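Structure first, then comments.
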Amino acid sequence: MKIFVTGGAGYIGSHVVYHLLKKGHQVTVFDDMSTGTKKNIFPEVKFIKGNILNQKKLSEAMIGGYDAVMHFAAKKDVGESMENPNLYSENNITGTINVLKAMEERNIKKIIFSSSAAVYGIPEKLPVTLKSELNPNNYYGYTKLDVERIFEWLSKLGKIQYAALRYFNAGGYDPSGKVRGLEKNPQNLLPVIMEVATGKRKELLIYGDDYDTKDGSGVRDYIHVTDLADAHIKSLSYLNKNKESLVLNLGSGQGYSVKEVLERSILITKKMIPAKIVARRPGDAAALYTNSKKARKMINYKPKYSDIDTIIKTMWEVYK
Ligand code: UD1
């Protein structure tokens, strides 16, 4: 199939592109390179440098008979979204509307969208399921939910068929070492730990150790990016075989605390990883994990690499 990928030079996008290529699909990457890296543009890919806010360019880029769009291009820094919400409305909401308009102009009906566990906010009950309340507590999460609602409507109106994949905490790198682009100025726990281990950063700041969790630090569901990539390919097959759309939670089912992740990282990297407890980060939940039950049922989702040690090991292979 011919797949148009926005944000394909980024961390998750590039892993998915690599898997699409491995399966023999033809891929075009549309990326403004604001956070993506050149290293992530594989030679087999048709690359177009552009921003999704440039509707005209985006629409022209989508000429060529694409079967589906995978839409990764977005802003994803939770803290920044609270300080500069308009930037997030523009990139994540307006940007996605532009993608949808271009799809309509080019008669493309299928889209796979990078959504987020952030649509749930602070869950009342764990594990999070698709029935959990949608109540984002940061603006980033709100933009993802808003876009999902647009998709839901367009799907009801028969305009598109979509899969909204709500990622929990993506981590790891391609186990065969084929994807090696590092994120620029990452803010998420795992890449920050890696940068401290390599000496690029001085220390890890642990955002709070007074949560009601096993050791007081935040608990998350870490999912290997290769398992996420596989879920994208399976979701695309689902959309091809069935007439309906799909909303899925994608996690590993396991919750690990910041302190546990740090401890495993020290053991695996054999490096000093200095850490300091600081205040809680606004917008953070104490614990978030899911059972991905529906994903198992609908797309036969079976995470293979999502144990925390494999996630850390495969990241270290690239960062070291
Ligand atoms: C958030 C979003 C997630 C999104 C991701 C993208 C929520 C609830 N989740 O994940 O959906 O896809 O951002 O960026 O909004 N931590 C530290 N020190 C650090 C960094 C993180 O202690 O330097 C802690 C956090 O407090 C948290 C855990 O590590 O407990 C994971 O944080 P992070 O990796 O930033 O991801 P989320 O905020 O869970």
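The values are calculated or read from the model by the stated rules, or taken from the named source; none is laboratory data. Everything numeric in this text was worked out from a predicted model, so none of it was measured. Because the Cβ atoms are built from the backbone with ideal geometry, glycine has one as well, and the counts that use them run over all protein chains shown.
Could you tell me whether Y66 is of a type outside the set (A, V, I, L, M, F, W, C), more than 16 Å from the ligand (Cβ to nearest atom) and under 28 Å from E183 (Cβ atoms)? Full working, then the answer.
Numbers: of a type outside the set (A, V, I, L, M, F, W, C): yes; more than 16 Å from the ligand (Cβ to nearest atom): yes; under 28 Å from E183 (Cβ atoms): yes.
So Y66 fits the description; yes.
Any idea which of (1) closer than 21 Å to V258 by Cβ; (2) within 13 Å of the ligand (Cβ to nearest atom); (3) surrounded by fewer than 17 Cβ atoms within 10 Å (Cβ to Cβ); (4) at pLDDT 95 or above is the one Y167 doesn't satisfy?
Only one criterion is unmet by Y167, namely (3).
Residues checked against (1) more than 20 Å from S235 (Cα to Cα); (2) among the hydroxyl-bearing types (S, T, Y):
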{"position": "P123", "(1), (2)": "yes, no"}
{"position": "P127", "(1), (2)": "yes, no"}
{"position": "F151", "(1), (2)": "no, no"}
{"position": "Y162", "(1), (2)": "no, yes"}
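When K101 is evaluated against the numbered criteria (1) surrounded by fewer than 18 Cβ atoms within 10 Å (Cβ to Cβ); (2) farther than 20 Å from D32 by Cα; (3) more than 15 Å from the ligand (Cβ to nearest atom); (4) charged (D, E, K, R), which criterion, by number, is the only one it fails?
Unmet for K101, out of (1) surrounded by fewer than 18 Cβ atoms within 10 Å (Cβ to Cβ); (2) farther than 20 Å from D32 by Cα; (3) more than 15 Å from the ligand (Cβ to nearest atom); (4) charged (D, E, K, R): (2).
Looking for whichever is within 12 Å of the ligand (Cβ to nearest atom), farther than 25 Å from S81 by Cα and either outside the structural domain of L165 (by TED's automatic domain parsing) or part of a loop (DSSP other than H, G, I, E, B) (or both) here; the options are T314, T213. Which one fits? Give the steps one after another, and end with the answer.
Details: T314 fails: within 12 Å of the ligand (Cβ to nearest atom).
T213 is the lone residue from the list that is within 12 Å of the ligand (Cβ to nearest atom), farther than 25 Å from S81 by Cα and either outside the structural domain of L165 (by TED's automatic domain parsing) or part of a loop (DSSP other than H, G, I, E, B) (or both).
Of the conditions (1) within 12 Å of the ligand (Cβ to nearest atom); (2) surrounded by 18 or more Cβ atoms within 10 Å (Cβ to Cβ), L205 clears all except one; give me its number.
Among (1) within 12 Å of the ligand (Cβ to nearest atom); (2) surrounded by 18 or more Cβ atoms within 10 Å (Cβ to Cβ), L205 violates only (2).
Can you run down the residue pairs with Cβ atoms below 6 Å, 6 or more apart or on separate chains, where the first is in the stretch 128-143 and under 21 Å from G253 (Cβ atoms) and the partner is of a type in the set (K, R)?
Taking only residues 6 or more apart or on different chains, the pairs are L130/K294.
Consider A231 carefully, then state whether it is surrounded by 14 or more Cβ atoms within 10 Å (Cβ to Cβ), under 19 Å from L20 (Cα atoms) and within 15 Å of the ligand (Cβ to nearest atom).
Numbers: surrounded by 14 or more Cβ atoms within 10 Å (Cβ to Cβ): yes; under 19 Å from L20 (Cα atoms): yes; within 15 Å of the ligand (Cβ to nearest atom): yes.
Criteria met by A231.
Does D31 count as buried (at least 23 other Cβ atoms within 10 Å of the Cβ), of a type in the set (D, E, K, R) and either in contact (Cβ under 8 Å) with a residue 40 or more places away in the chain or touching a strand residue (DSSP E or B) at 6+ places or on another chain (Cβ under 8 Å) (or both)? Spell out the reasoning first.
Details: buried (at least 23 other Cβ atoms within 10 Å of the Cβ): yes; of a type in the set (D, E, K, R): yes; either in contact (Cβ under 8 Å) with a residue 40 or more places away in the chain or touching a strand residue (DSSP E or B) at 6+ places or on another chain (Cβ under 8 Å) (or both): yes.
In short, yes.
Are there helices (runs of 4 or more DSSP H) fully within the stretch 48-153 with at least 3 residues that are under 29 Å from K294 (Cα atoms)? List them. Step through it out loud before you land on a result.
Details: elements: 55-61, 78-83, 85-88, 95-105.
Per the criteria, 95-105.
Anything in the stretch 126-147 that is over 18 Å from G283 (Cα atoms), surrounded by fewer than 17 Cβ atoms within 10 Å (Cβ to Cβ) and of a type in the set (A, V, I, L, M)? List them, or say none.
Passing the criteria: only L130.
Yes/no matrix, rows are residues, columns are (1) hydrophobic (A, V, I, L, M, F, W, C); (2) in the same structural domain as L236 (by TED's automatic domain parsing); (3) surrounded by fewer than 21 Cβ atoms within 10 Å (Cβ to Cβ); (4) farther than 26 Å from N249 by Cα:
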| residue | (1), (2), (3), (4) |
| --- | --- |
| I52 | yes, yes, no, no |
| K56 | no, yes, yes, yes |
| A68 | yes, yes, no, no |
| I97 | yes, yes, yes, no |
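Of the numbered conditions (1) exposed (fewer than 14 other Cβ atoms within 10 Å of the Cβ); (2) away from the ligand (no atom under 16 Å from the Cβ), Y162 satisfies every one except a single condition; which is it?
Among (1) exposed (fewer than 14 other Cβ atoms within 10 Å of the Cβ); (2) away from the ligand (no atom under 16 Å from the Cβ), the lone unmet condition for Y162 is (1).
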